[in-house]
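The block underneath contains the structure these notes are about, expressed in structure tokens.
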Amino acid sequence: MHGPAMSGWLLMALCAVTGAYCLLRSGGETGEGRRAARAEALMGFGMAAMAVPAAVMTPPAWGWGVYAGLFGVASLRALWSLRRGGHHLHHLVGSSAMVYMALTMAPGGGAAHGGHAGHGVAAAGGVPLLTGLLLAYYAVYVLWSGSRLIPVAAVTAGGGGPTGGGWSTRPELALACRLTMGLAMFAMLLTL
């Protein structure tokens, strides 16, 4: 990821913690909820790996192909799962955006940019229209998921505690993770 090292480290830590929580959450879910939590964990860990500051560690040239391949497979899986409905359209957009960012940051695609020599699809920063559309999508998604978080956090059981289950099954934590990853994706797209 391009940008100052401190923001890269913070973004990496935030995405890694979010991915770890989603992975833990997948153990308490069944069926569709488990698949969604695993997909979100993959996104969190992938975003954490991409957010490592370039000044600290520049991935090998083949690493960007691995990212693109991994998230390409995740995109195909989300596309296949769209027939069941649910959160899969968002997973398709997210994994496709990860493929796009990996291809944009891969060496040999364009001009030098922000410490990574030669990263770019059509030019440094990728295709401006596509980057803009993804930024708009994630801006709307963050606002939407943030608005959904407010009423869920206000729902409590008679004793003032969370309703049912342990900490890994609390719906507001899952929404907070989605909000966090949406913000992180928006930030990563801004650095293209």
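Yes or no: residue 132 over 16 Å from residue 19 (Cα atoms) and at pLDDT below 90? Let's see the steps before the verdict.
On the way: over 16 Å from residue 19 (Cα atoms): yes; at pLDDT below 90: no.
Here the answer is no, as residue 132 does not meet what is asked.
Just one of (1) modelled with pLDDT of 90 or more; (2) surrounded by 16 or more Cβ atoms within 10 Å (Cβ to Cβ) trips up residue 105, so point out which.
(1)
Look through 55, 78, 51 and report the one residue that is farther than 26 Å from residue 6 by Cβ and of a type outside the set (Lys, Arg).
78
Any chance the stretch 54-65 includes a residue that's modelled with pLDDT of 90 or more, over 28 Å from residue 107 (Cβ atoms) and assigned to a helix (DSSP H, G or I)?
For the stretch 54-65, residues modelled with pLDDT of 90 or more, over 28 Å from residue 107 (Cβ atoms) and assigned to a helix (DSSP H, G or I): absent.
Taking only pairs six or more apart or across chains, which ones have beta-carbon atoms under 6 Å, a first residue in the stretch 168-192 that is modelled with pLDDT of 90 or more, and a second residue that is in a helix (DSSP H, G or I) and of a type in the set (Phe, Trp, Tyr)?
As it stands, the answer is 182/138; 182/141; 185/138; 186/138, since those pairs meet every condition given.
Can you say whether residue 11 is more than 15 Å from the chain's Cα centre (by Cα) and among the hydrophobic types (A, V, I, L, M, F, W, C), as far as the supplied structure shows?
no
What residue, among those in the stretch 9-35 that are in contact with a Lys or Arg (Cβ under 9 Å, 6 or more places away or on another chain) and among the small types (Gly, Ala, Ser), is surrounded by the most Cβ atoms within 10 Å (Cβ to Cβ)?
Applying the filter and picking the extreme gives 26.
Quick one: count up the residues across the stretch 43-66 that are surrounded by fewer than 21 Cβ atoms within 10 Å (Cβ to Cβ) and either under 19 Å from the mean Cα position of the chain (by Cα) or on the phi > 0 side of the Ramachandran plot (or both).
Within the stretch 43-66, the first condition is being surrounded by fewer than 21 Cβ atoms within 10 Å (Cβ to Cβ), and the residues that meet it are 45, 48-49, 52-63, 65-66.
If we keep only those that are either under 19 Å from the mean Cα position of the chain (by Cα) or on the phi > 0 side of the Ramachandran plot (or both) as well, we get 45, 48-49, 52-54, 59, 63, 65-66.
Residues in the stretch 43-66 being surrounded by fewer than 21 Cβ atoms within 10 Å (Cβ to Cβ) and either under 19 Å from the mean Cα position of the chain (by Cα) or on the phi > 0 side of the Ramachandran plot (or both): 10 in total.
Could you list, in sequence order, the residues of the stretch 75-104 that are within 20 Å of residue 131 (Cβ to Cβ) and touching a Leu at 6+ places or on another chain (Cβ under 7 Å)?
75, 89, 92, 97, 100, 101, 104
The values are calculated or read from the model by the stated rules, or taken from the named source; none is laboratory data. Being a predicted model, the structure only gives us computed values, none of them experimental. Counting neighbours? That spans all protein chains shown, and the Cβs are built from the backbone with ideal geometry, glycine included.
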